[in-house]
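Taken together, the values in this text are just the output of simple stated rules run on the coordinates, not laboratory data. The structure displayed is predicted, hence computed values, not measured ones. Glycine also receives a Cβ, built like all others from the backbone with ideal geometry; neighbour counts cover every protein chain displayed.
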Amino acid sequence: MRFTVLGKYGPYPPEDGATSGYLLECADLKILLDCGSGTAARLQRLTALEELDAVVISHLHQDHISDLGVLNYAMQMLTKKGLRQGKLPVYLPGAPADVLAMIEGFDHMRVGVYANRLDFTGLSLTFHPVRHPVPCYAMLLHGEGRTLFYSGDTAYFEGLMELVQGANCALMDACFLGEHPEGPHLSAHQAAMVARQAGIEQLYLTHMPPYADEAAYRREAGEVFPGAQVVREMESYTV
Ligand SMILES: [Zn+2]
């Protein structure tokens, strides 16, 4: 199992950057995790869009969904050209209702609201609600004998560590710095504390603001979880 970072920024990208999006490749599947701005373009460096199997969205904030509309246009054109058959499956949370309704209007996508679990051949995902201003789900992705935890966007909460426990690696929101950040995201320190307590093999930090001093994030996390990495866009990581 491996993932490639298409975009790692939030809530908006820097020049030439992209917001949240990760291509997960596992058991011949190509699954897009989140679909922020710039990800549809970046995805094409890795795969033809007609080969995408599904999109899974952590939550309905724009920096995680804003390229769904153009991806829908792409599916429309590819279908017209005979390159793709059937609608692109998109799995997401069922709220906020107005955002969901807009996405449900994309006519070349088959939109499904997920509950606890989603199964593909060779890959299963379990969803766990986290703490964010709109419903957001962390996911555990199991495939090829490995497990990746993806936090989505979340503030720290009691019980987060238990979700991460048992994963091999974690890709975690680390928007902030500091021990007690205020806001709806984790800090590098908090992500590293959770990863250390959960006893995982590797921690990947993501979802930085475009003006972040990334060396400071790496340093802060590294003091708690040596070897913690700040992900790089268009780099692939083996789970
Ligand atoms: Zn968010």
Legend entry - Cβ-based exposure ranking for D213, D63, D34, in which fewest neighbours within 10 Å come first: D213, D63, D34
Inset, instruction - Please list, or write none, the aspartates and glutamates whose alpha carbon is within less than 18 Å of the alpha carbon of K30, excluding same-chain residues fewer than 8 places away. - result: E50, E51, D53, D67, D119, E144, E233, E235
Legend entry - Cβ-placed point charges (K, R +1; D, E -1), dipole of the chain about Cα centre in debye, nearest 20: 600 debye
Inset, instruction - Select from A195, A115, A174 the residue whose mean-square fluctuation is largest in a Gaussian network model of the chain (Cα-Cα springs shorter than 10 Å). - result: A115
Legend entry - Within-11-Å neighbourhood charge of D53 [Cβ basis; K, R +1; D, E -1]: -3
Legend entry - Cα shape, the range 87-194, gyration tensor, a/c 1.5 rule: oblate
Legend entry - At most 12 other Cβ within 10 Å, DSSP loop - trypsin sites (Lys or Arg not before Pro), the range 28-73: R45
Legend entry - Neighbourhood charge, 9 Å Cβ-Cβ cut-off, centred on H108 and excluding it, Lys, Arg +1 and Asp, Glu -1: +2
Inset, instruction - Could you work out how far apart the two model spin labels at Y73 and D28 are, taking each label as a point 7 Å from the Cα in the direction of the beta carbon, and quote it in nm? - result: 3.3 nm
Legend entry - Residues with amide H under 5 Å from that of R84, placed H, sequence gap 5 or more: T79
Inset, instruction - Enumerate by residue number the GluC sites (Glu not before Pro) in the range 150-239 meeting two conditions: DSSP loop (anything except H, G, I, E, B), and at most 12 other Cβ atoms within 10 Å of the site's Cβ. - result: E158, E179, E182, E201, E235
Inset, instruction - Please arrange S151, S124, S20 by counting, for each residue, the other beta carbons lying within 10 Å of its beta carbon, fewest first. - result: S124, S151, S20
Legend entry - Whole-number percent relative contact order across the chain, with pairs defined as alpha carbons under 8 Å at least 6 apart: 18 percent
Legend entry - Amide H within-cut-off set for A18, under 5 Å, with H built and near neighbours excluded: K8, Y9
Inset, instruction - Just check the range 1-140 against the gyration tensor rule for me: Cα atoms, a ≥ b ≥ c as the square roots of the eigenvalues, rounded for a/c under 1.5, and otherwise prolate or oblate depending on whether a/b exceeds b/c. - result: rounded
Legend entry - In the range 1-73, GluC sites (Glu not before Pro) in a DSSP loop with at most 10 other beta-carbon atoms within 10 Å: E15
Inset, instruction - Considering only DSSP beta bridges where both residues belong to the range 2-238, give the percentage that are antiparallel (nearest 5). - result: 55 percent
Inset, instruction - Select from P11, P209, P96 the residue whose mean-square fluctuation is largest in a Gaussian network model of the chain (Cα-Cα springs shorter than 10 Å). - result: P96
Inset, instruction - Could you tell me whether the chain comes out rounded, prolate or oblate from its Cα gyration tensor? Rule is a ≥ b ≥ c as square roots of the eigenvalues, rounded for a/c under 1.5, then prolate if a/b exceeds b/c, otherwise oblate. - result: prolate
Inset, instruction - Run the numbers on the range 22-94 and let me know its relative contact order in percent, using alpha-carbon pairs under 8 Å that are six or more apart. - result: 33 percent
Legend entry - GNM top mover of Y217, Y156, Y73 - the chain, alpha-carbon springs below 10 Å: Y73
Inset, instruction - Mind putting a number on the dipole of the range 134-233 about its Cα centre? Charges go on the C-beta only, +1 for Lys and Arg and -1 for Asp and Glu, and I need it in Debye to the nearest 20. - result: 240 debye
Inset, instruction - Using a cut-off of 13 Å between beta-carbons, work out the net charge of the residues near C26 (Lys and Arg +1, Asp and Glu -1, C26 not included). - result: -2
